[in-house]
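Readers should treat all values here as calculations from the given coordinates under stated rules, not as data from a laboratory. Note that the coordinates shown come from a computational prediction; the quantities given were computed from them, not determined experimentally. Quick reminder, even Gly has a Cβ in these numbers, built from the backbone with ideal geometry, and neighbours come from all protein chains shown.
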Amino acid sequence: MSTHHVVAIDGPAASGKSSVSRKVAEKLGYAFVSSGLMYRAFTWVVCEVGLDPEADPDAVVALLDKTKIEASRRDNELFLLVNGSDPGDALTSDYVNGNVSKVAKIPDVRKALVKQQRACAEATDIVMEGRDIGSVVFPDTPYKFYLDASEVVRARRRAAQGLGDEIAERDRLDSTRKVSPLKVADGATKIDTSDLTLPQVVEALLGQLSEQGVTPSST
Ligand code: DC
């Protein structure tokens, strides 16, 4: 069991999780981990092999054994190497955006990646963002947040990033799947980021963490 601090930040696509988590990690001196990147990395392999995750989930699970996803720490952030290669921009390609929720709903895929996510906290304090971090991956952490924003605001944010991501469909799949659906974890602090700037959201999280005794590192 980890003795390190885990700040869990969950929420739907484009709720601001990544930017907020990265900043909070930087302020606290913790490592930032995007669990979504792990699902994206494996989905990229599924794509390279040419599998249809809905038609052939068993083949997708079999591919897990042949896939090595390694996380290495660089500048307080975890980077992924997939079978020795950096997938780079392929992680936000249309194929990955369109298939990641279909891959992520396969129970054995989740089991394998949740194990890797838990391992991230064995070496260091982390801020991890995703969909089930506070509810399933680290249910015992006292530091849990759920970020949300209106659908209009989230679609605008995605478009501003130049990504034609079908977030409404992804959210539907992520929150209705049987295993570990997106939901507000017990004990999580909910923040609607629709009308807040990034510094305001970061301040809200740091304020709450400080009340719980977690303060920014002085280095
Ligand atoms: O955070 P993101 O948009 O990069 O995540 C991509 C997909 O990965 C998301 O639509 C669902 C899946 N995911 C998940 O099922 N569980 C997580 N903890 C993180 C992501």
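A few remarks follow.
- Label-point gap, in nm, between residue 160 and residue 215 - each point 7 angstrom along Cα→Cβ: 3.3 nm
- Separation of the stretch 43-61 from the stretch 150-219 is 28 Å, based on Cα centroids.
- Placing +1 on the Cβ of every Lys and Arg and -1 on the Cβ of every Asp and Glu, with nothing else charged, gives the chain a dipole about its Cα centre of roughly 200 debye.
- Cross-link pairs beyond the 21 Å C-alpha cut-off, checked among 66/102; 105/190; 102/190; 27/115; 23/115: 105/190; 102/190; 27/115; 23/115
- Note on the chain: helix-only mean residue ellipticity at 222 nm, from DSSP H runs of 4+ residues weighted -39500 (n - 2.57) and normalised by residue number, equals -14000 deg cm²/dmol.
- Amide proton proximity set for residue 189, modelled H, under 5 Å, gap of 5+: 144, 145, 146
- Working from Cα pairs under 8 Å separated by at least six residues, relative contact order for the chain is 35 percent.
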